[in-house]
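Worksheet: one structure, shown below.
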Amino acid sequence: MPDGNQLIACHECDLLQREVALPEGGVARCARCGGILFRSHPQGLERALAFTLAALVLFIISNTFPIVGLEVNGDLIQATLLGTVHMLYRDGMWIVAGLVMFTTVLAPLAHILGMLYILAPLRFGRRPPNSAALIRVLTEVKYWGMVEVFVLGVLVSLVKLADLAKIVPGIALWSFAGLMILFTAATVAFDQRQVWQKLGEVA
Ligand SMILES: [Zn+2]
């Protein structure tokens with residue numbers, strides 16, 4: 001809880017002002033420019049943890065099951081994400097394979113596991129080791145997860161392929177769509193100000 005001595009700088013105009021205690025769901029605005037300083041999220045970190053756990057489940061489903069199947073002459077050819085990355089790599093398109101692997105698999109996984117590593121112990125009143133360094137890494141890794149770009153790309157390709165073959169949407173296609181929403185929700189709910197505050201309380 002803010003004790004009235006904590007200072008916060010406005011993100012818009014840099015005015016330094018004292019933090020105040022907010023009612024549930026309240027918003028603190030800058031005295032000079034009216035920009036939002038911070039919001040009160042009741043149980044915000046619990047919500048972030050729930051979204052992150054759900055995102056991890058969908059991440060596993062998305063990477064295990066086929067994204068799409070193409071029915072050509074009665075044969076069903078199914079493609080998983082990792083299988084596609086492997087095929088790109090085998091065909092010599094290793095830069096594309098690396099980009100897909102990094103932005104759609106590794107960066108989102110690192111982001112999800114990093115948030116879990118911080119949120120799960122905090123939920124039980126413990127401080128995870130090296131949390132400060134990890135929060136800084138998370139801030140960087142956040143910009144590299146591009147699940148939504150990938151989902152958009154798949155949808156565009158499906159529309160283009162629809163004339164050539166019968167498209168059978170796979171489980172992973174739906175779970176990727178869900179992952180995109182949950183991942184965004186988890187990232188929004190992971191309020192760094194609240195995380196730092198909680199880390200200070202349990203230290
Ligand atoms: Zn301001």
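General observations
- Given charges at beta-carbon only (K, R positive; D, E negative), |dipole| of the range 44-202 in Debye: 580
- From its DSSP helices (H runs of at least four residues, each -39,500 (n - 2.57)), the chain gives a residue-normalised ellipticity at 222 nm of -17500 deg cm²/dmol.
- Normalised contact order of the range 69-172, rounded percent, pairs of Cα under 8 Å and 6 or more residues apart: 36
- Heavy-atom accessible surface of the chain: percent carbon and sulfur, 1.4 Å: 64
- Axis angle, to the nearest 10 degrees, between helix 107-123 and the longest C-alpha principal axis of the chain: 40 degrees.
- Excluding same-chain neighbours fewer than eight residues apart, the aspartates and glutamates reachable from residue 166 by a Cα-Cα span under 20 Å are 71, 75.
- Residues residue 33 and residue 6, FRET efficiency given R0 of 25 Å [Cβ-Cβ distance, rounded to 0.05]: 0.80
- As an equivalent ellipsoid, the chain spans semi-axes of 41, 18, 15 angstrom, where each value is the square root of five times an eigenvalue of the C-alpha gyration tensor, largest first.
- Across all directions, the shadow cast by the convex hull of the range 1-40 built on its C-alpha atoms averages 2.5 square nanometres.
- The range 144-203 and the range 63-100 have Cα centres separated by 19 Å.
- Taking each residue as 0.36 nm, the span from residue 123 to residue 84 lengthens on full extension beyond its C-alpha to C-alpha distance by 10.3 nm.
- Accessible area per residue in Å² at 1.4 Å probe, computed on the range 1-40: 69
- Rolling a 1.4 Å probe over the heavy atoms of the protein chains gives the range 44-202 an accessible area of 56 Å² per residue.
The values are calculated or read from the model by the stated rules, or taken from the named source; none is laboratory data. In this text the structure is predicted, and so the values were computed from the model without any measurement. Here the Cβ is made from the backbone with ideal geometry for all residues, glycine too, and neighbour counts use every protein chain on show. Protein only, heavy atoms only, side chains kept; ligands, DNA and RNA dropped before computing areas. Shrake-Rupley method; radii C 1.70, N 1.55, O 1.52, S 1.80 Å.
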